[in-house]
Structures are given as structure tokens and as C-alpha cells.
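To start, the structure under review is shown below, and the notes come after it.
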Amino acid sequence: MFTFSMASKITQQYIEEITYQILASASEVQKTLGVGLIKEIYLECMIYELKERGFDLKVNHSVPLVYKKKTLPSAITCDILVENHIVVELQAVEVLSSLYDAHVLTCMRLLEATKGILINFNSANIQQEGSKKFTNELYMKLPRR
């Protein structure tokens, strides 16, 4: 089990360690289930894998929309928010379009998350062509170690 101390200072290294575990979880899910299933099945298995590794998760997390200092109803959701810092969006599609990238970046901005990961389970290899990682200015401001 991989555990994190909430008292520890958030660093780029901390975020990268979590990222490694998320992608390892996705690889394990894909290795076990294979390709060709629907997103919801992969989501349930990812939740299981990440909880087994000791992560704090928010699943199908509603993303708040603040407009002119007022919180409005929003239909935007994030598949998994890991440790309140990493947005994880899952897909099981033939080709990832730029709309998926935009969704991850929107969730990151509205949730003030430092990193986003887009995972496509309908790929030959999660670690290579089956995932995209995104960072932003919040990540760049974190200390390296």
C-alpha cells in the first residue's frame, strides 16, 4: 500500500509519485480486464485499485462553477479527484479527441488541481499511447522536492 501523509508538504515530487501510482493502477486494470469494455467498468476497477493503494478519492465529483462570486449549478463532473490534487478522467474510445483534453483542463482550472491525467483504456499500452498528462501554473509554483 502506498500511503501519503496529509501533513507533508505538497511538492512536484509528491504529485509525480501519485501520478506513477495512478498510471500503475490503470495498467493493472487494463492487464486484468483487457480492452473493449465500457468506461464505467474501468471506473469501478480504478476506484478499487486506488483505494487499495490508500488514496483519498472523490468519485464523479461535481465541479463547482463560480460566476461573478456566485456558485451556479454545474453539470461538469470529474471522474476521479485523487488526493484533492489530481484530476483523472477515463475513456474507452477509439481515438481521444481534443474535447477530452479540454474537459480535463477545465476540471483542473475549476477545481484548482495541479495535475490532470486522461486515460484511454481502449489502447494497446496505457503508459505509452493510452494516457496524457497535464500540468498548469499551480504545479509549476510547487517546490520540486
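Read-outs throughout are calculated quantities, based only on the coordinates presented, and are distinct from any laboratory measurement. Predicted model, so just to flag it, every value in this text is computed and none were measured. Methodologically, a virtual Cβ is constructed for each residue, glycine included, from the backbone with ideal geometry; neighbour enumeration extends over all protein chains shown.
Observations on the model:
- Entries of Lys31/Lys132; Lys70/Lys141; Lys115/Lys141; Lys51/Lys115; Lys39/Lys141; Lys58/Lys133 with Cα pairs more than 22 Å apart: Lys70/Lys141; Lys39/Lys141
- Of the peptides 57-70, 19-32, the order by per-residue mean of other Cβ atoms within 10 Å, starting with the highest, comes out as 19-32, 57-70.
- The relative contact order of the chain, computed from alpha carbon pairs under 8 Å that lie at least 6 residues apart in sequence, is 25 percent.
- Computed over Cα pairs, the Kirkwood radius of segment 12-141 leads via Stokes-Einstein (0.890 mPa s, 25 °C) to a diffusion coefficient of 165 µm² per second.
- Among Ile119, Phe134, Leu72 the positive-end extreme of the charge dipole of segment 30-145 (Cβ point charges): Leu72
- Overall, segment 42-145 carries a charge dipole of about 640 debye about its Cα centre when +1 sits on the Cβ of Lys and Arg and -1 on the Cβ of Asp and Glu, all other atoms neutral.
- Sequence of Thr71, Thr135 once ranked by neighbouring C-beta atoms within 10 Å, starting from the fewest: Thr71, Thr135
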